[in-house]
Amino acid sequence: MKILLFDMDGVLLESGGYHCAFQETVALVGRLLGYPGVELTTQDIAAFEAAGVFSEWDSSAMCAALLLENLWAEHPALTLPPALITPGLPSHDHPAPDFRAFAHTLAQPHLNELRPLKRAEQLLLDNSRSPTSRTPMQSCAMQSILHNARHIDGSLTHRIFQELVLGSQVFAETYDLSPALDTESYLLQYDRPTLPDPERTKLLEWLQRADQRGVIFTSRPSRSVGGHLGTPEAEIGAQAAGLERLPILGLGGLTWLSARRNHDPEFFLKPAPVHALAALRLAIGDSLEAALKAAAALVLDGKVDPFWQALVGAQVHAFEDGVAGLDSARAAQDILGQIGVPMRVRLFGIAENSPKRQSLESVGATIFPTLAAALERVPGF
């Protein structure tokens, strides 16, 4: 059996949707606060990512906090409006804050052990950054923006960002909330498939043959199990890539598993082996729920069910633009080997720039500039 494990962003897609939604979220919050034009540049975004802030939920909340803080000298009682439709400040000529400079401060060594939002909170509540001390109301407003950054209720930035990435119709269906923007999904508008049409057709034909499977395993939010809330961003990405038929193991399923197993979702997310193990079970025919349960039972409880034997001798090809997914696939191989399920995992790194290539090579990946070039190295493709 041959199994192809695909990461999504940077492998199946050139992902512009999230960055565009991040930029528009910050611009909309800026207009609500009276700024005449707030522009978050690609260099600003790169600075946040270089500081280890990869979630736009987190970075958009940080930028909103900076926009608010920037006005407190003149409007000390100002807070972030609860909704986009709330009337904001009249227009003014106050310059926007330096987002890039703040992103650089997040990378200070003494903050490295903290998660991004906690790092931002420490910096933003540090009175030495401001000519006047924070009032209790201002501190509370700052904490509210950051603590609620990943919650649809209580976070203006999260609500704007999610409507932009999902599109207003899917946003309303997913959250049962009234949309405010009347927009199409930014993921569908700005994400671009990496495979040209002929290569995508060839891949789909390859997957129709017996004992040749494919699965997407991604950190994107995705649909979940049963009635558990999951936003279909990975599914929209698969649609944009023209690969809707592939099963998906995304954050939605892992979030359901984390609630069931009383762990943080990041405990199961790649580079953890559960992510790749569950993806392999999806590839060989399990339902999402069964795949997640089997992977967690193996890793957490040491329980082995007979269906793992279907992977004996499998040739697994993992395609990634970052080391986390490759580490997950290799860890899955090691665990399965220990229970008598030997298989071979080949690591394919998709990268063009030198730093990323070096990172992928450091974990033993063979590097290709494009997914199409990497697929040509799969036997029989």
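FYI, it's all coordinate maths here, none of it is from the lab. Please read these numbers as outputs of a predicted model, since none were measured by experiment. Cβ coordinates were reconstructed from backbone atoms using ideal geometry, including for glycine residues, and neighbour counts include every protein chain displayed.
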Checklist entry - So if R0 is 22 Å, what FRET efficiency would A50 and E361 give, r being the distance between their Cβ atoms, rounded to the nearest 0.05? => result 0.65
Checklist outcome for this item: To the nearest 20 debye, the chain has a Cα-centred charge dipole, built from +1 on Lys and Arg Cβ and -1 on Asp and Glu Cβ, of 1060
Next on the checklist: Using the Cα centre of segment 17-186 as the reference point, and only Cβ charges (+1 on K/R, -1 on D/E), how large is the resulting charge dipole? Debye, rounded to the nearest 20.
Outcome noted: 480
Next on the checklist: Taking θ = phi - 60°, what integer Hz values does the Karplus form 6.51 cos²θ - 1.76 cosθ + 1.60 yield along segment 202-216, in sequence order, with x for Gly and Pro?
Outcome noted: 4, 5, 5, 5, 4, 6, 7, 7, 4, 6, 10, 10, x, 8, 9
Next on the checklist: Output the 0 to 90 degree angle, nearest 10, between the alpha-carbon long axis of helix 273-283 and the longest principal axis computed from the alpha carbons of the chain.
Outcome noted: 60
Item to check | Sorted peptide list for 169-179, 318-328, criterion being average Cβ within 10 angstrom, highest first | outcome: 318-328, 169-179
Checklist outcome for this item: Residues meeting the amide H criterion for V345 (H placed from the backbone, H to H distance under 5 Å, 5 or more places apart or on another chain) are V316
Checklist outcome for this item: Once both label points are put 7 Å beyond Cα along the C-beta direction, the S287-Q189 separation in nm becomes 3.7
Checklist outcome for this item: Computed ³J(HN,Hα) along segment 284-289: with the Karplus parameters 6.51/-1.76/1.60, θ = phi - 60°, integer Hz and x for glycine or proline, the list is 9, x, 5, 6, 4, 5
Next on the checklist: Taking the Cα centroid of segment 212-233 and of segment 249-271, what is the distance between the two, rounded to the nearest whole Å?
Outcome noted: 11
Item to check | Under Karplus coefficients 6.51, -1.76 and 1.60, residue-wise ³J(HN,Hα) of segment 133-145 in Hz, glycine/proline x | outcome: 5, 5, 7, x, 5, 5, 4, 5, 5, 5, 5, 4, 4
Checklist entry - Given springs between every Cα pair under 10 Å in a Gaussian network model of the chain, which of P76, P247, P306 has the largest fluctuation? => result P306
Item to check | Amide H contacts of G230 (H built 1.01 Å from N, under 5 Å, at least 5 apart or other chain) | outcome: S224
Checklist entry - Which of M137, M62, M343 moves the most in a Gaussian network model of the chain with Cα springs under 10 Å? => result M137
Next on the checklist: Which residue, C140, Q23, A65, has the largest displacement toward the positive end of the dipole of segment 17-186 when charges sit on each Cβ (Lys, Arg +1; Asp, Glu -1)?
Outcome noted: C140
Checklist entry - Mind checking the log10 I(q)/I(0) for segment 4-161 at q = 0.12 Å⁻¹? Debye, one equal scatterer per Cα, no solvent, two decimals. => result -0.50
Item to check | Largest-first principal axis extents of the Cα set of segment 134-278 (Å) | outcome: 65, 38, 28
Checklist entry - Using Cα atoms only, what is the angle between the long axis of helix 56-69 and the major principal axis of the chain, expressed in degrees (0 to 90) to the nearest 10? => result 10
Checklist entry - Of the residues D44, D93, D264, which exhibits the maximal mean-square fluctuation in a Gaussian network model of the chain defined by a 10 Å Cα contact cut-off? => result D93
Item to check | the chain: antiparallel DSSP beta bridges as a percent of all, rounded to 5 | outcome: 10
Checklist outcome for this item: Checking segment 230-338 for trypsin sites (Lys or Arg not before Pro) in a loop per DSSP with at most 13 other beta-carbon atoms within 10 Å yields R245, K303
Checklist entry - How far is helix 156-166 tilted off the main Cα axis of the chain, in degrees rounded to 10, range 0 to 90? => result 40
Next on the checklist: For E14, what residues show an amide H to amide H distance below 5 Å, using hydrogens built from the backbone and excluding near sequence neighbours?
Outcome noted: R192, T194
Checklist entry - R0 = 35 Å: FRET efficiency of R100 with Q169, Cβ-based, nearest 0.05? => result 0.50
